[in-house]
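Before any comments, here is the structure.
The values are calculated or read from the model by the stated rules, or taken from the named source; none is laboratory data. All values reported here derive from a predicted model rather than from experimental measurement. So basically every Cβ, Gly included, is an ideal-geometry build from the backbone, and we count neighbours across all protein chains shown.
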Amino acid sequence: MKLPTLPRFIPDGWKTLKETPLAVVYGDRDNLKAIAYKGKSKKPVWHYRFLKKEDMDKRINELFERCEYWEGMKQKRKIERKKEIEDLRVGDILYSSWGYEQTNIDFYQVVEKKGQTFKIRPIAERRDNMYSHGMACDVKPVRDKFIGEAIARRSLSGRHGYEHLFKTTDEASHYKSWYA
């Protein structure tokens with residue numbers, strides 16, 4: 001069952017003080033009150049009564065500056081992610097570092113690329129420089145020594161923020177630790 005959505009709260013008599021596709025501020029300039037919403041959200045970013053008109057104007061301008069900055073950062077990151085995929089070549093080695101109270105390293109090799117989609121296969125690791133406590137070492141990838149089936153990906157970023165893939169080289173060492 002879908003619950004009904006409530007409209008934005010806008011007190012009676014308040015007018016739109018400033019509006020862009022990124023945010024909107026409603027308020028009452030005479031009583032120095034305002035409420036701000038970002039995007040299409042129903043929950044206000046802030047809802048204040050100000051002591052001075054200058055404070056209200058400053059707060060409104062800061063909101064729009066932050067929204068524009070954030071939108072610019074999202075666009076910049078989108079372009080960077082697209083470029084990361086365009087720069088990817090068959091034979092490139094990628095790694096993922098993950099773990100809780102330990103550091104696991106998984107290596108992958110790009111085996112196929114078509115447009116924005118690429119396939120990777122897990123590859124073996126070579127232990128190097130074992131640490132004295134015996135629960136950590138440095139590992140390096142072993143090119144062309146496949147240990148699993150191909151996985152199709154469209155992004156170097158993993159689902160839900162984990163398993164992000166990074167480019168590496170054959171000779172780069174990566175710290176790995178575990179508990180007995």
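Based on what the data block shows, is Ile60 surrounded by 14 or more Cβ atoms within 10 Å (Cβ to Cβ), of a type outside the set (Asp, Glu) and modelled with pLDDT under 95? Against the criterion (surrounded by 14 or more Cβ atoms within 10 Å (Cβ to Cβ), of a type outside the set (Asp, Glu) and modelled with pLDDT under 95), Ile60 does not qualify.
Checked against the criterion of being outside any loop (DSSP other than H, G, I, E, B) and surrounded by fewer than 11 Cβ atoms within 10 Å (Cβ to Cβ), the candidates Ile79, Ile85 yield just one match: Ile79. Taking the conditions (1) farther than 16 Å from Leu165 by Cβ; (2) in contact (Cβ under 8 Å) with a residue 24 or more places away in the chain; (3) surrounded by fewer than 16 Cβ atoms within 10 Å (Cβ to Cβ); (4) not acidic (Asp, Glu) in turn, Tyr100 satisfies each one other than (2).
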